[in-house]
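The values are calculated or read from the model by the stated rules, or taken from the named source; none is laboratory data. The shown structure was predicted, so the numbers you read here are calculated from the model rather than taken from an experiment. For neighbour counting, all protein chains shown are included, and Cβ atoms are generated from backbone atoms with ideal geometry for every residue, glycine included.
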Amino acid sequence: MRAPMALQAPPPARLRRERRALQRGGLTLTGGSRPLRGERPLRIAMLAPPWIPVPPNGYGGIEAVVSLLTDELVRRGHDVVLFAAPGSRSLARVCSPLDAAHPDTIGSALHESDHVARAFRAIEAAAEEGRPFDVVHDHSGFTALAMADRVNAPVVHTIHGPFTDETSQFYAEHGQNAMLVAISRSQSVQAPVPVEVAAVVPNPVVVAEWPHRRSKMDYLLWMGRMDPVKGADRAIAVAKLAKRRLILAGPVQSGQERYFEERVAPHVDGAAVTYVGEVGGEQRRQLFANAEAFLMPIRWPEPFGMVVVEALACGTPVLAFPEGAVSEIVLDGVNGYHVEDEGQMAAAVEKLDEIDPGRCRQSVAERYDLSVVADGYEAVYRRAVRAPLIVPA
Ligand code: UDP
């Protein structure tokens, strides 16, 4: 049996040391630290998925969101414990219920249920020791929501995926166990009856951490998972039609090998089409900042799309099929263009000089900056604490 996880709040000296350690690791601690305006700090259990450490070194949209939000809540004076994969770093105290991260088995019930059950046990143990959590904020998939009525604290669950036939049924059955937060208006309106979405809080970006570049280089950029819905193959078609260089970046995850080998790899020649693999850190920032445009030829109801706000934060316009949240984030003619197919996307490349990089950056600073998002979640937590859900016995 594993030793119980220690869930004491880090003393201020420890927090200072951790801040220094994080800074040495290259993270900048920006974000709008804001006083609590007389309200008491909350004790928050933040539940990340078990697959990838927080923050991610490369691919990892949910992990990036959890990292930014958790650190900002600590800066605002809340007492946060982050349950996340081993190797995670945070200003909050980190507890890793499992012994290893599982980036190659994303979605495995074995690891997800093990991670959640151990975290719930630790949350219950903290309550028994007289240090209960005010709220549990779950980002971890499906297990925690299905079991949220078994944990002795209100649960806020962020819906990170789209509502499909299967997930809609799941949310209809289990959604009332938690306060549900959608990450875009378009995702929220897809919620089936009787699912109630309590709030829409978008994903955050720290705009100041992304380089703003007005003069661009001569390539188009696509970055994402090698999944057909994300459209690396369609980005290649666009670049060929537009006669522009294309750089592709992103991991080939388990199950995506065939798509990559058949639809992407044959076009990669290191000249017209370059594939740089999974990227992180400075390479990722420079790729976004120097691109003439970011291509988002998606064919699915994208629940958010972190890559879009990251590109825009760098002053890089986005050419997008307006599906899901991308139709909200990309403002047609302001920070990019909405187009219907590959031909229209290639034609839009010729109009890129009409888009002002400064407007691109401003369009995300106003709506998705970390301070805006943390304000939104603080309001949701306070509602959850004031009116915890009454779940029938
Ligand atoms: N990403 C990365 N390196 C890569 C590919 C992606 O760091 O090689 C990051 C990307 O910058 C974004 C996240 O992974 O922060 C992907 O999140 P997004 O919402 O765009 O896609 P999804 O979560 O649907 O895969």
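Data for the structure
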| quantity | calculated |
| --- | --- |
| Residue that is buried (at least 21 other Cβ atoms within 10 Å of the Cβ), more than 13 Å from the ligand (Cβ to nearest atom) and of a type in the set (Val, Ile, Thr), where the choices are VAL197, VAL156 | VAL156 |
| For PRO303: the one exception among (1) in contact (Cβ under 8 Å) with a residue 24 or more places away in the chain; (2) surrounded by fewer than 24 Cβ atoms within 10 Å (Cβ to Cβ); (3) out of contact with any Pro (no Cβ under 7 Å at 6 or more places or on another chain); (4) not in a helix (DSSP H, G or I) | (3) |
| Residues (of a type outside the set (Ser, Thr, Tyr) and part of a loop (DSSP other than H, G, I, E, B)) located in region 82-97 | ALA84, ALA85, PRO86, GLY87, ARG89, LEU91, ALA92, PRO97 |
| Pick from region 172-194, criterion surrounded by fewer than 17 Cβ atoms within 10 Å (Cβ to Cβ) and not small (Gly, Ala, Ser), ranking: nearest to the ligand (Cβ to nearest atom) | ARG185 |
| Matching residues in region 75-95 - criterion: being out of contact with any Asp or Glu (no Cβ under 7 Å at 6 or more places or on another chain), crowded, with 19+ Cβ neighbours inside 10 Å and under 13 Å from GLU63 (Cβ atoms) | LEU82, PHE83, ALA84, ALA85, SER88, VAL94 |
| Residues that are within 17 Å of ALA313 (Cα to Cα) and within 17 Å of the chain's Cα centre (by Cα), drawn from region 331-378 | VAL364, ALA365, ARG367, TYR368, ASP369, LEU370, SER371, VAL372, VAL373 |
| Matching residues, region 213-235, being in contact (Cβ under 8 Å) with a residue 60 or more places away in the chain, within 28 Å of ASP165 (Cα to Cα) and not in a helix (DSSP H, G or I) | MET223, GLY224, ARG225, GLY231 |
| Among (1) of a type in the set (Gly, Ala, Ser); (2) modelled with pLDDT of 95 or more; (3) exposed (fewer than 15 other Cβ atoms within 10 Å of the Cβ), the one test that ALA384 misses | (3) |
| Qualifying residue in region 316-327 (condition: assigned to a helix (DSSP H, G or I), closer than 30 Å to PHE163 by Cα and not assigned by TED's automatic domain parsing to the domain that holds GLY58) | yes |
| Failed item in (1) buried (at least 24 other Cβ atoms within 10 Å of the Cβ); (2) near the ligand (Cβ under 9 Å from one of its atoms), with VAL279 passing the rest | (1) |
| Segments classed as strands (runs of 3 or more DSSP E), wholly inside region 98-212, with at least 2 members that are among the β-branched types (Val, Ile, Thr) | 135-138, 155-159, 197-200 |
| Candidates PRO322, PRO301, PRO317 - the one that is touching a strand residue (DSSP E or B) at 6+ places or on another chain (Cβ under 6 Å) and within 28 Å of ALA199 (Cβ to Cβ) | PRO322 |
| Selection count where residues are more than 20 Å from the chain's Cα centre (by Cα), among the aliphatic types (A, V, I, L, M) and surrounded by 18 or more Cβ atoms within 10 Å (Cβ to Cβ), scope region 249-276 | 2 |
